[in-house]
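The values are calculated or read from the model by the stated rules, or taken from the named source; none is laboratory data. Since the model is a prediction, treat every value here as computed from it, not as a measurement. A quick note on method: Cβ atoms are made from the backbone with ideal geometry, for glycine too, and the neighbour counts reach across all protein chains shown. Please note that ligands, DNA and RNA were not included when accessible areas were found on the heavy atoms of the full protein model with its side chains. Shrake-Rupley method; radii C 1.70, N 1.55, O 1.52, S 1.80 Å.
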Amino acid sequence: MALNKTDIRKKNIIDTATKVFAQRGFQESTITEIAKEAKVSEASIYEYFSTKEGLLFSIPGEASQTLFEVMAFHLKIIRGSANKLRAIVYLLMDSYQKNPDFAAVLMLFLKHNKKFLDTSGHHVIKEGIKHITRVIEEGIEAKEFRDDLNPYLVRSMILGTIEHLVTN
């Protein structure tokens, strides 16, 4: 899908903000700094995002949606719940390794922000991590995993381990 000029400008602003937030921290970053790095005016940023926090909240939407679409595709062609779980971990780690600024923003600034919970970006992530729960439940049902496993606990352990690896 070809992006139009407006979409390209908006993506540039989001990409630049991701880099600036990851390097300097959300509180220390300014719209002026982001505009300068993105080579746009501050007014251009405010055309798309009403606040700096709104810009922050827009970061995970598209990238997470794309990641979870790729994940869903792969899960359809992989056999066995253990193999599917390995693929999920691989895809998440690969994505965060290739996009360290995105991973930093997601895990250091967004994950713990209560206002982020009400955003479309959080909804995309919440729906995406349900893949993990479903795979664990399928594995229990198929007797591939122990039947006394708590899928939500296992999912939390997987995500916590990934977060630990990515943020350290």
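Would you say Thr161 is part of a helix (DSSP H, G or I) and open to solvent by less than 30 Å² (accessible area, probe 1.4 Å)? Taking the combined requirement at face value, the residue does not satisfy it. Looking at Glu62, is it acidic (Asp, Glu) and touching a Ser or Thr at 6+ places or on another chain (Cβ under 7 Å)? So Glu62 fails the test.
Total residues in the range 63-96 satisfying the condition of being under 13 Å from the mean Cα position of the chain (by Cα) and free of Cβ contacts under 8 Å to residues at least 12 places away in the same chain: the figure is 3. The residues of the range 30-89 that are within 13 Å of Ile14 (Cα to Cα), buried (at least 16 other Cβ atoms within 10 Å of the Cβ) and touching a Phe, Trp or Tyr at 6+ places or on another chain (Cβ under 9 Å), listed by number, are Ile31, Ile34, Phe49, Lys52, Leu55, Leu56, Phe57, Ser58, Ile59, Pro60, Ala63.
Would you be able to say whether some residue in the range 127-135 is among the hydrophobic types (A, V, I, L, M, F, W, C), modelled with pLDDT of 95 or more and farther than 16 Å from Gln65 by Cα? Yes, because at least one residue in the range 127-135 is among the hydrophobic types (A, V, I, L, M, F, W, C), modelled with pLDDT of 95 or more and farther than 16 Å from Gln65 by Cα. For Phe116, state whether it is crowded, with 17+ Cβ neighbours inside 10 Å, without any contact (Cβ under 8 Å) to a residue 40 or more places away in the chain and farther than 22 Å from Leu153 by Cα. Here the answer is no, as Phe116 does not meet what is asked. Considering the range 139-158, the residues that are closer than 17 Å to Leu91 by Cα and not basic (Lys, Arg) include one that is surrounded by the fewest Cβ atoms within 10 Å (Cβ to Cβ), namely Met157. Within the range 94-103, the set of residues being under 20 Å from Lys126 (Cβ atoms) and part of a helix (DSSP H, G or I) comprises Ser95, Tyr96, Phe102, Ala103.
Rundown of residues vs (1) touching a residue at least 60 places away in the same chain (Cβ under 8 Å); (2) closer than 16 Å to Val105 by Cβ, yes/no style:
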site	(1), (2)
Gln23	yes, yes
Ala35	no, no
Ala38	no, yes
Tyr46	no, no
